[in-house]
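Here is the structure we will look at, set down as structure tokens.
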Amino acid sequence: MAYKPIEDYGIIGNMHSAALVGIDGSIDWYCFPHFDSSSVFAAILDDTKGGRFKIAPNNVTESTRKQYYWPDTNVLVTRFLSPDGVGQVVDYMPVGIAEGARGSHWLIRRVQTVRGSMAFRMECRPAFDYAREVHETKLSAKGACFRTPGLCLELVTDIPLKRDGGTGVKAEFSLEQGQSAIFVFRKSDGEGGCDFSLPREEEFELFNGTVEWWRHWLSRCSYTGRWREAVHRSLLALKLLTFEPTGAIVASPTTSLPEVIGGVRNWDYRYTWIRDAAFTVYAFIRVGFTEEAERFGHWLRKIIEEPEPDGSLQIM
């Protein structure tokens with residue numbers, strides 16, 4: 001499978017971590033639980049062994065798919081069109097959830113058929129710690145658990161799963177107009193297996209809560225110029241790059257992507273680069289988001305109190 005251009009990815013996140021979703025319905029980059037954690041899916045770096053979580057129709061070509069965001073939110077919709085129907089995958093991470101509560105650090109994928117009927121294929125192949133750590137997979141009636149010595153994640157769904165190779169899972173299913181299927185990727189307790197379920201009503205509550213949270217946050221924007229839609233979309237992306245527990249701002253959710261093919265400038269941007277963050281803070285202040293700027297300032301003052309032995313401050 002060929003690597004996709006970076007512009008063929010949308011981003012979702014919860015201000016703790018982020019995932020990149022390809023226009024083909026494949027999550028090719030995801031670190032859990034934080035931006036700087038090791039990867040769970042990293043096909044963007046290694047298509048063969050990096051790991052991915054893909055949901056897509058069986059018979060849709062490149063020319064009949066598109067991505068867009070739910071208006072004024074960071075909820076991503078990947079839509080597929082075929083002669084038989086129109087389907088979509090709605091991806092989001094719930095926000096505004098208390099740490100440890102239901103929905104915290106979840107990645108939710110809602111698959112829907114909007115018109116006609118559509119046959120989908122799902123494949124989930126985690127590759128923990130940049131594909132360096134092996135894991136075992138356990139199937140149950142409610143999904144699959146992926147367990148390493150230090151971390152256990154689970155894929156929860158009502159769709160029957162089958163093994164895909166030694167440690168991945170897959171499923172094939174069809175949806176008629178108005179039908180949907182839910183997939184939740186989350187941390188497991190690692191004890192009794194996949195004994196978790198998500199009622200449809202609860203998923204809609206999480207979805208609506210996430211939509212309202214982003215719209216409420218964006219309503220604080222003071223910009224009223226002609227480029228309002230573009231400014232709003234940029235602000236939503238910048239907000240995704242803030243680390244909620246501290247107010248720090250990462251430069252990008254990715255690492256190891258070279259500036260040019262074959263080049264050596266493949267930095268890890270999942271940290272606060274002081275220069276880059278300064279531009280983000282300036283943008284926030286210009287359009288009324290002073291709280292984000294203030295929290296970053298508090299974080300930076302703490303960092304200044306921990307200088308290098310020679311008294312200098314790291315650039316990241």
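The table that follows gives values for the structure above.
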| item | result |
| --- | --- |
| Test for residue 67: is it surrounded by fewer than 20 Cβ atoms within 10 Å (Cβ to Cβ), closer than 15 Å to residue 22 by Cβ and outside the structural domain of residue 268 (by TED's automatic domain parsing) | yes |
| Residue under evaluation residue 17, criteria (1) out of contact with any Cys (no Cβ under 7 Å at 6 or more places or on another chain); (2) closer than 23 Å to residue 210 by Cβ; (3) crowded, with 21+ Cβ neighbours inside 10 Å; (4) not acidic (Asp, Glu), criterion not met | (1) |
| Failed item, numbered, when residue 302 is tested on (1) exposed (fewer than 14 other Cβ atoms within 10 Å of the Cβ); (2) free of Cβ contacts under 8 Å to residues at least 40 places away in the same chain; (3) out of contact with any Ser or Thr (no Cβ under 9 Å at 6 or more places or on another chain) | (3) |
| Members of segment 221-239 found to be farther than 20 Å from residue 97 by Cα and of a type in the set (Lys, Arg), listed by number | 226, 228, 233 |
| Pick from segment 126-175, criterion among the β-branched types (Val, Ile, Thr) and under 28 Å from residue 85 (Cβ atoms), ranking: surrounded by the fewest Cβ atoms within 10 Å (Cβ to Cβ) | 159 |
| For residue 211: the one exception among (1) surrounded by 14 or more Cβ atoms within 10 Å (Cβ to Cβ); (2) under 23 Å from residue 52 (Cα atoms); (3) assigned by TED's automatic domain parsing to the domain that holds residue 130 | (2) |
| Out of 36, 46, 91, 72, sole residue that is touching a residue at least 60 places away in the same chain (Cβ under 8 Å) and buried (at least 22 other Cβ atoms within 10 Å of the Cβ) | 91 |
| Single condition residue 139 does not satisfy, out of (1) touching a strand residue (DSSP E or B) at 6+ places or on another chain (Cβ under 8 Å); (2) in a loop (DSSP other than H, G, I, E, B) | (2) |
| Residue match in segment 88-101 (condition: under 21 Å from residue 239 (Cα atoms), touching a helix residue (DSSP H, G or I) at 6+ places or on another chain (Cβ under 7 Å) and among the aromatic types (Phe, Trp, Tyr)) | yes |
| Unmet criterion (only one of (1) part of a loop (DSSP other than H, G, I, E, B); (2) modelled with pLDDT under 95; (3) exposed (fewer than 13 other Cβ atoms within 10 Å of the Cβ)) for residue 245 | (2) |
| Filtered residues of segment 248-283 (kept if among the small types (Gly, Ala, Ser), more than 13 Å from residue 300 (Cβ to Cβ) and assigned to a helix (DSSP H, G or I)) | 283 |
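Yes/no per residue for (1) at pLDDT below 95; (2) not small (Gly, Ala, Ser):
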| site | (1), (2) |
| --- | --- |
| 63 | yes, no |
| 84 | yes, yes |
| 106 | no, yes |
| 124 | no, yes |
| 137 | no, yes |
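The values are calculated or read from the model by the stated rules, or taken from the named source; none is laboratory data. Predicted model, so just to flag it, every value in this text is computed and none were measured. Positions of Cβ are backbone-derived with ideal geometry, glycine not excepted, and every protein chain shown enters the neighbour counts.
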